[in-house]
């Protein structure tokens, strides 16, 4: 047997006697190749390409309906949770219907998609990356090209592999800084979240005029005043691309 044949024979014998070793080596090689591929994929993308991973997902949506439960935690104000319905039709028709007083930022559930849809309307810059749980996100800052926008600066934490915005920080003229954290489930294929948590600046946030201060709120209902309010939207029973009439949007 020649030298190369002997080496092959030795490796074959080693593999037969060390199956666990070879499985470990194979796994390590796979993880290394995946890491190299992922790093090359994310770092080779421009800011607009990263944003367009989100736009491409949402572009599959022609319309949708969903039930939404809105829970508000705003210092000094007692607001009961309320159920509502959200309705959307491409390109920009969006409606929230409820029977009670609804407290939501102007930057509603559809604001994100409207903001980033046209990449010619803003300048986007990658400013870094951050791990959110087990997910590596690319941080992209967006500055509108025109001063007429209410948005001054948008900061988005984007999972570029899945095309999802996990977190947004919006600095606005009218309502200060708003932080939005998104959680995704079955509708992630459309970039539609199951849960949205808005953190607002209470001093700059404009409440509906019909909402009065509840001076008789008991201690157990009082939210500690840290200058922040929190509004949680839980969206369920999505119906996507089944048609929405103009009557429903009135």
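The values are calculated or read from the model by the stated rules, or taken from the named source; none is laboratory data. Treat the numbers as computed from the prediction; the structure is a model and nothing was measured. Using ideal geometry, Cβ is built from the backbone for each residue, glycine included, and neighbour counts are taken over all protein chains shown.
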Inset, instruction - From (1) under 20 Å from residue 205 (Cβ atoms); (2) modelled with pLDDT of 95 or more, pick out the condition that doesn't hold for residue 140. - result: (1)
Legend entry - Subset tally (residues that are within 17 Å of the chain's Cα centre (by Cα) and loosely packed, with under 13 Cβ neighbours inside 10 Å) for the stretch 82-105: 0
Legend entry - Identity of the residue in the stretch 172-185, modelled with pLDDT of 95 or more and over 10 Å from the mean Cα position of the chain (by Cα), that ends up farthest from residue 66 (Cα to Cα): 179
Legend entry - Filtered residues of the stretch 48-72 (kept if surrounded by fewer than 16 Cβ atoms within 10 Å (Cβ to Cβ) and assigned to a strand (DSSP E or B)): 67, 69, 71
Inset, instruction - Give the stretch 110-134 a look and list any residue that's out of contact with any strand residue (DSSP E or B) (no Cβ under 6 Å at 6 or more places or on another chain) and surrounded by fewer than 16 Cβ atoms within 10 Å (Cβ to Cβ), or say none. - result: 114, 118, 120, 121, 131, 133, 134
Inset, instruction - Within the stretch 70-91, work out how many residues are touching a helix residue (DSSP H, G or I) at 6+ places or on another chain (Cβ under 8 Å) and at pLDDT below 90. - result: 1
Legend entry - Residue that is surrounded by fewer than 17 Cβ atoms within 10 Å (Cβ to Cβ) and not in a loop (DSSP other than H, G, I, E, B), where the choices are 166, 179, 197: 179
Legend entry - Residue list for the stretch 135-153, filter: in contact (Cβ under 8 Å) with a residue 24 or more places away in the chain, out of contact with any helix residue (DSSP H, G or I) (no Cβ under 9 Å at 6 or more places or on another chain) and surrounded by fewer than 16 Cβ atoms within 10 Å (Cβ to Cβ): 135, 150
Inset, instruction - May I ask you to verify whether residue 191 is modelled with pLDDT of 95 or more and either surrounded by fewer than 17 Cβ atoms within 10 Å (Cβ to Cβ) or in contact with a helix residue (DSSP H, G or I) (Cβ under 6 Å, 6 or more places away or on another chain) (or both)? - result: yes
Inset, instruction - Please tell me if residue 128 is at positive phi and touching a residue at least 12 places away in the same chain (Cβ under 8 Å). - result: no
